[in-house]
Amino acid sequence: MADSCGSLFDYEVKLEIGTAGTYFYHSHVGFQAVTAKGPLIVDSNDDPPFRYHQERTIMLSDFFNETDKKIIDGLTSSPFKWSGETSAILVNGQSHQATNSTGSCQLASICIEPDHHHAFPTLNEVTRRIKIDVHQNVSDHVIWLQNGYDWVQSFPQSPYLVDIYTGMLDTDGVYRRAISQGHGFDNITRTFPAQIGEVLEIVWQNQGTFSNGGLDARPFHAHGRHFYDIGGGDGEYNATANEERLKSSGPVQRDTSMLYRYREKTTPLAPSGWRAWRVRVTEAGVWMFHCHVLQHMVMGMQTVFIFGNRNDVMAQSDPVDAGYLTYGGSAYGNTTHSPVVRHYFD
């Protein structure tokens, strides 16, 4: 990968069995994900279950007719200035002027045979349920909060993973604080810690805006591990009722699912819609869970899960070259030398 300053760095990714599919890579700095992105297709080693002549990649994305800086300044300013909705939809980076043409279409559907050997975690395997209350707060600024806290690019000052490698972040202490507070959230680091081997049931609970009860729909996305989407609905999450519904359905693994809006407004902070996931904690690291509406991310609708403790992280990656732990450090390459590359996988 190369950045605009001429620096280079390498990623090495171990592809696990069962992760074949369509993905996209993108920046998580500011509003860059709108343009600093591209498709990433992971092919299976197995023969495809059907025959086809050619393969085409179609990537849909938004187009905003403003600079990133102007959009971010508006979203974080007082008074608040909304970016406006997308100016166009791009197909593989291209679009054209809107017309008055009419037509009809319908959503495509794909029927698949259920995998009778999947490892969907049952309720008996769940070690903890974490509820994440999400609502908007309007004052001199407009921000989105998870369990009463936003998470923005300026927090923390030092990356969590760097602090774990250098021993500055006490992951065991973070876990103890989160558990003692009863809801799995550590408000000091603004993270949700979990131990390797846990099975989490994560509930995204929509709430009315603090000032006027307004509601919105949002696509929530998880890094680090696919989750099983166990459903969504109106009102407040009811574990007993949802477990009964699961008896007649087969949850699938996803990395993004929708938290829907069932009405435009409700009582401020009243529960109004939920989405629930189950995830096996297997990959040590620091992982973002966030809304994939980019404006909402800039305004704070994102949070962080820490999977495993420092020993788990170090065992998974081995010692890290010091050049990786400093912003712009010596591990980065540029026009005069190649980046430092550590091969973790054979």
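The values are calculated or read from the model by the stated rules, or taken from the named source; none is laboratory data. Only a predicted model underlies this, so the values are computations on that prediction, with no experimental measurement involved. Note that we place each Cβ from the backbone using ideal geometry, even for glycine, and neighbour counts take in every protein chain shown.
Things worth noting here:
- Unmet criterion (only one of (1) surrounded by fewer than 21 Cβ atoms within 10 Å (Cβ to Cβ); (2) within 27 Å of His221 (Cβ to Cβ); (3) of a type outside the set (Val, Ile, Thr); (4) at pLDDT below 90) for Gly285: (4)
- Test for Asp115: is it surrounded by 10 or more Cβ atoms within 10 Å (Cβ to Cβ), among the acidic types (Asp, Glu) and modelled with pLDDT of 50 or more: no
- Criterion: of a type in the set (A, V, I, L, M), more than 19 Å from Lys131 (Cβ to Cβ) and within 20 Å of the chain's Cα centre (by Cα) - qualifying residue of Ala194, Ala284: Ala284
- Out of Ile230, Ile202, one residue alone is part of a strand (DSSP E or B), aliphatic (A, V, I, L, M) and in contact with a Pro (Cβ under 8 Å, 6 or more places away or on another chain). It is Ile230.
- Residues of segment 29-83 satisfying the condition of being surrounded by 10 or more Cβ atoms within 10 Å (Cβ to Cβ), touching a residue at least 60 places away in the same chain (Cβ under 8 Å) and polar (S, T, N, Q): Thr76, Ser77, Ser83
- Looking only at segment 18-42, residues that are in a loop (DSSP other than H, G, I, E, B), farther than 21 Å from Ser317 by Cβ and of a type in the set (Val, Ile, Thr) come to 2 in all.
- Exactly one residue among Gln146, Gln153, Gln136 is within 26 Å of Leu215 (Cα to Cα), over 18 Å from the mean Cα position of the chain (by Cα) and touching a residue at least 24 places away in the same chain (Cβ under 8 Å), and that residue is Gln136.
- Residue satisfying condition, being in contact (Cβ under 8 Å) with a residue 40 or more places away in the chain and out of contact with any Phe, Trp or Tyr (no Cβ under 8 Å at 6 or more places or on another chain), within set Phe210, Phe220: Phe210
- Members of segment 31-84 that are over 22 Å from Gln153 (Cα atoms), β-branched (Val, Ile, Thr) and modelled with pLDDT under 85: Thr57, Ile58
- Boolean, Ala217 is among the small types (Gly, Ala, Ser) and touching a helix residue (DSSP H, G or I) at 6+ places or on another chain (Cβ under 7 Å): no
- Every listed requirement among (1) touching a strand residue (DSSP E or B) at 6+ places or on another chain (Cβ under 7 Å); (2) surrounded by 16 or more Cβ atoms within 10 Å (Cβ to Cβ) is met by Arg310 save one, (1).
- Within segment 305-341, if we keep just the residues that are over 26 Å from the mean Cα position of the chain (by Cα) and not in a loop (DSSP other than H, G, I, E, B), the residue that is nearest to Asp10 (Cα to Cα) turns out to be Gly333.
- Residue, nearest to Val313 (Cα to Cα), within segment 200-212, restricted to residues that are surrounded by fewer than 19 Cβ atoms within 10 Å (Cβ to Cβ) and touching a strand residue (DSSP E or B) at 6+ places or on another chain (Cβ under 6 Å): Phe210
- Residue in segment 91-108 that is at pLDDT 50 or above, out of contact with any helix residue (DSSP H, G or I) (no Cβ under 8 Å at 6 or more places or on another chain) and surrounded by 13 or more Cβ atoms within 10 Å (Cβ to Cβ) present: yes
- Among the residues of segment 161-199, those identified as hydroxyl-bearing (Ser, Thr, Tyr), out of contact with any helix residue (DSSP H, G or I) (no Cβ under 8 Å at 6 or more places or on another chain) and either surrounded by fewer than 19 Cβ atoms within 10 Å (Cβ to Cβ) or assigned to a strand (DSSP E or B) (or both) are Thr166, Ser180.
- Of the residues making up segment 137-155, none is hydrophobic (A, V, I, L, M, F, W, C), modelled with pLDDT of 90 or more, within 30 Å of Lys14 (Cβ to Cβ) and surrounded by 18 or more Cβ atoms within 10 Å (Cβ to Cβ).
- Considering segment 118-136, and only residues there that are aliphatic (A, V, I, L, M) and at pLDDT below 90, the residue that is nearest to Ile230 (Cα to Cα) turns out to be Leu123.
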